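One structure is given here, and the rest of the page talks about it.
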Amino acid sequence: MEQEMFNHRTDLSQLSQAVEQIRQQLSKIIVGQQNTIDLLIAGLLANGHLLLEGVPGVAKTLSAKLVAKSIDATFSRIQFTPDLMPSDVLGTAVFSPKTAEFQFRQGPIFGNIILVDEINRAPAKTQSALFEAMEERQVTVDGHTYKLTEPFMVLATQNPVEQEGTYRLPEAQLDRFLFKIEIKYPTLEEEIEILTQQHQQDTQHQLEDVKPVLDVKQIIALRAVIKSLFVEPKLLAYAAQIVHETRENKALYLGASPRASLALINSAKAMAAMAGRDFVTPDDIVRVASPVLAHRVMLSPEKEMEGLTTADIIAQIIKKIEVPR
């Protein structure tokens, strides 16, 4: 099997160059948060949707905008509010006096990169408007189905559920996000650097300096390269065992679905490619395990009362499973 891996080497030079350029552009404005930056790039390359969570003011929206500006593709922003309707997202049929017929007017969901700001400020009815688009890359309105243009990626931000005026996202919707990225407060040193940057030049001017690194065709090509990366059978079994353990663990009320297993492997491939490797290692799987799984499982009420998090339980599961050699 190892011989097969070395007989099919994949050229990752273009991908490595693009990743480094995006990292450099994001690092100019986002101070620290290196893991967040890597997860944003990995999500883009793995053809996944991303959910960014954090308290107001920790650069969730800015991070999403920076990713969008690094790509030469169509970009839409939707601000979710309690009064937002599904038609405001998907589009609606409008009567045309010229033709005396109804014509479909596309909503902001018709784009390549869609920033959904504060997704959990809108009620479930509007959140559900994203279901079909995120999973099947299409939208059905009034019995007509409209295909979305590839690449299609949703970057959503949300405030913690404890914040006033937020709604918890349904489990079925959370399962459609490849990663949930938790953005923490900066350290004291990082905050001093943020202040130093911002008092010299405001964020808007910094954003104008960000140039596209990849176009639509290049993204589609790079995604195909990552899809073709080698994964040893024992690593497929390792990923499956991690996901299976979430269903058996008594600390979890709800385990992860098979969609989580696929997400684990696809994102591990992206991490491997970003590291310049055309094969996956156990470390790649471990690195993405929490962002892939933490939002797909639910704690039992007892463990929740103890103050544990789903990330804590996932870390325990990984520690318990023997790493393939």
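The values are calculated or read from the model by the stated rules, or taken from the named source; none is laboratory data. A quick note: this is a predicted structure, and the numbers were derived from the prediction, not measured. Here Cβ is always computed from backbone atoms with ideal geometry, including for glycine, and neighbour counts include all displayed protein chains. With ligands, DNA and RNA removed, areas are computed over all heavy atoms of the protein, side chains included. Shrake-Rupley method; radii C 1.70, N 1.55, O 1.52, S 1.80 Å.
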Picked from segment 314-325 (must be in contact (Cβ under 8 Å) with a residue 12 or more places away in the chain and outside any helix (DSSP H, G or I)), the residue least open to solvent (accessible area, probe 1.4 Å) is 321
Matching residues in segment 208-232 (open to solvent by less than 40 Å² (accessible area, probe 1.4 Å) and closer than 22 Å to residue 65 by Cβ) number 7
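Has segment 69-84 got at least one residue that is over 27 Å from residue 210 (Cβ atoms), crowded, with 19+ Cβ neighbours inside 10 Å and either over 23 Å from the mean Cα position of the chain (by Cα) or at pLDDT below 90 (or both)? Full working, then the answer.
Restricting attention to segment 69-84, the residues satisfying the condition of being over 27 Å from residue 210 (Cβ atoms) are 81-84.
Checking the rest, the ones that are also crowded, with 19+ Cβ neighbours inside 10 Å come to none.
Checked against the condition, which is being over 27 Å from residue 210 (Cβ atoms), crowded, with 19+ Cβ neighbours inside 10 Å and either over 23 Å from the mean Cα position of the chain (by Cα) or at pLDDT below 90 (or both), segment 69-84 yields no hits at all.
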Residue set 311, 237; condition out of contact with any Asp or Glu (no Cβ under 9 Å at 6 or more places or on another chain), small (Gly, Ala, Ser), open to solvent by 20 Å² or more (accessible area, probe 1.4 Å) and more than 17 Å from residue 43 (Cα to Cα); output residue 237
Of those in segment 248-299 that are β-branched (Val, Ile, Thr), under 17 Å from residue 231 (Cβ atoms) and not in a helix (DSSP H, G or I), the residue most open to solvent (accessible area, probe 1.4 Å) is 281
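Taking only segment 99-140 into account, find how many residues are at positive phi and at pLDDT below 85. Outline the logic, then answer.
First, the residues of segment 99-140 that are at positive phi: 100, 118, 137.
After this cut, where a residue has to be at pLDDT below 85 as well, the list is 100.
Residues flagged as at positive phi and at pLDDT below 85 within segment 99-140 amount to 1.
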Out of (1) surrounded by fewer than 20 Cβ atoms within 10 Å (Cβ to Cβ); (2) at pLDDT 85 or above, the one residue 143 does not meet is (2)
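I'm trying to understand the selection: among the residues of segment 160-180, which are over 13 Å from the mean Cα position of the chain (by Cα) and surrounded by fewer than 19 Cβ atoms within 10 Å (Cβ to Cβ)? So that I can check it myself, show each step before the final result.
Initial filter on segment 160-180 (over 13 Å from the mean Cα position of the chain (by Cα)): 160-172.
Listed by number, the residues that qualify are 160, 161, 162, 163, 164, 165, 166, 167, 168, 170, 171, 172.
Just to be sure, is residue 113 in contact with a helix residue (DSSP H, G or I) (Cβ under 6 Å, 6 or more places away or on another chain) and open to solvent by less than 50 Å² (accessible area, probe 1.4 Å)?
Numbers: in contact with a helix residue (DSSP H, G or I) (Cβ under 6 Å, 6 or more places away or on another chain): yes; open to solvent by less than 50 Å² (accessible area, probe 1.4 Å): yes.
It is true that residue 113 is in contact with a helix residue (DSSP H, G or I) (Cβ under 6 Å, 6 or more places away or on another chain) and open to solvent by less than 50 Å² (accessible area, probe 1.4 Å).
Okay, residues lined up against (1) in contact (Cβ under 8 Å) with a residue 24 or more places away in the chain; (2) touching a helix residue (DSSP H, G or I) at 6+ places or on another chain (Cβ under 9 Å); (3) among the aliphatic types (A, V, I, L, M):
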position	(1), (2), (3)
27	no, yes, no
41	yes, yes, yes
57	no, no, no
67	yes, yes, yes
80	yes, yes, no
104	yes, no, no
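Would you say residue 51 is touching a His at 6+ places or on another chain (Cβ under 9 Å) and open to solvent by less than 40 Å² (accessible area, probe 1.4 Å)? Walk me through it before giving the result.
Numbers: touching a His at 6+ places or on another chain (Cβ under 9 Å): yes; open to solvent by less than 40 Å² (accessible area, probe 1.4 Å): yes.
Spelling it out, residue 51 is indeed touching a His at 6+ places or on another chain (Cβ under 9 Å) and open to solvent by less than 40 Å² (accessible area, probe 1.4 Å).
Filter segment 27-37 for residues that are part of a helix (DSSP H, G or I) and open to solvent by less than 20 Å² (accessible area, probe 1.4 Å) and give the result.
At the first step, the residues of segment 27-37 found to be part of a helix (DSSP H, G or I) are 27-29, 34-37.
Listed by number, the residues that qualify are 29, 36, 37.
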Checked segment 287-325 for anything farther than 18 Å from residue 240 by Cβ, in contact with a Ser or Thr (Cβ under 9 Å, 6 or more places away or on another chain) and among the polar types (S, T, N, Q); matches are 310
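So, of the residues in segment 146-181 that are among the hydrophobic types (A, V, I, L, M, F, W, C) and modelled with pLDDT under 85, which turns out to be farthest from residue 50 (Cα to Cα)? Full working, then the answer.
Looking only at segment 146-181, we keep the residues that are among the hydrophobic types (A, V, I, L, M, F, W, C), and these are 148, 152-156, 161, 169, 172, 174, 177-179, 181.
Filter once more, keeping what is modelled with pLDDT under 85: 161, 169, 172.
Values: 161: 17, 169: 14, 172: 15 Å.
The selected residue is 161.
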